[in-house]
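Heads up, the thing below is written out as structure tokens.
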């Protein structure tokens, strides 16, 4: 199961039963029932209960949007605090993920934990003006 379901697999004009939603998204039926308790609209007039694909897509998009955090240019996301924080001394390491994506890693000023931020290679000069960046080796798969 994915940590975040892929809503692109859902067809907006189709109605799904709870087991069908679980199969398409690769999650358990209990997860889908929990979503119903969290606000996913379920048609309960007849059995089997149906979920309209468009409602499911909107619900998953809303859930995904609620977990996103906006970062200021001088902030990284602290994995321990689960909040945007400035790295200690505005120092960060750049770890190249792919040819076009890098990850900035620093230490949290508040808890000392790891802070991360994904950036594009084009944005690196902009962040180099804000942070004291040290480049690490390239990660290749």
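The values are calculated or read from the model by the stated rules, or taken from the named source; none is laboratory data. Note that the structure is predicted; figures quoted are calculated from it, not measured. Methodologically, a virtual Cβ is constructed for each residue, glycine included, from the backbone with ideal geometry; neighbour enumeration extends over all protein chains shown.
Residue 59 fulfils the conditions (1) at pLDDT 90 or above; (2) under 25 Å from residue 128 (Cβ atoms) except for a single criterion, (2).
Only residues that are exposed (fewer than 12 other Cβ atoms within 10 Å of the Cβ) and in contact with a strand residue (DSSP E or B) (Cβ under 8 Å, 6 or more places away or on another chain) were counted across segment 5-34, and they come to 0. Candidates are the residues of segment 63-80 that are out of contact with any strand residue (DSSP E or B) (no Cβ under 6 Å at 6 or more places or on another chain) and surrounded by 12 or more Cβ atoms within 10 Å (Cβ to Cβ); the one that is nearest to residue 6 (Cα to Cα) is 64.
Of the listed requirements (1) at pLDDT below 90; (2) assigned by TED's automatic domain parsing to the domain that holds residue 117, residue 85 misses just one: (1). Residue count for segment 39-60 satisfying the condition of being touching a residue at least 12 places away in the same chain (Cβ under 8 Å) and either out of contact with any strand residue (DSSP E or B) (no Cβ under 6 Å at 6 or more places or on another chain) or in a helix (DSSP H, G or I) (or both): 11.
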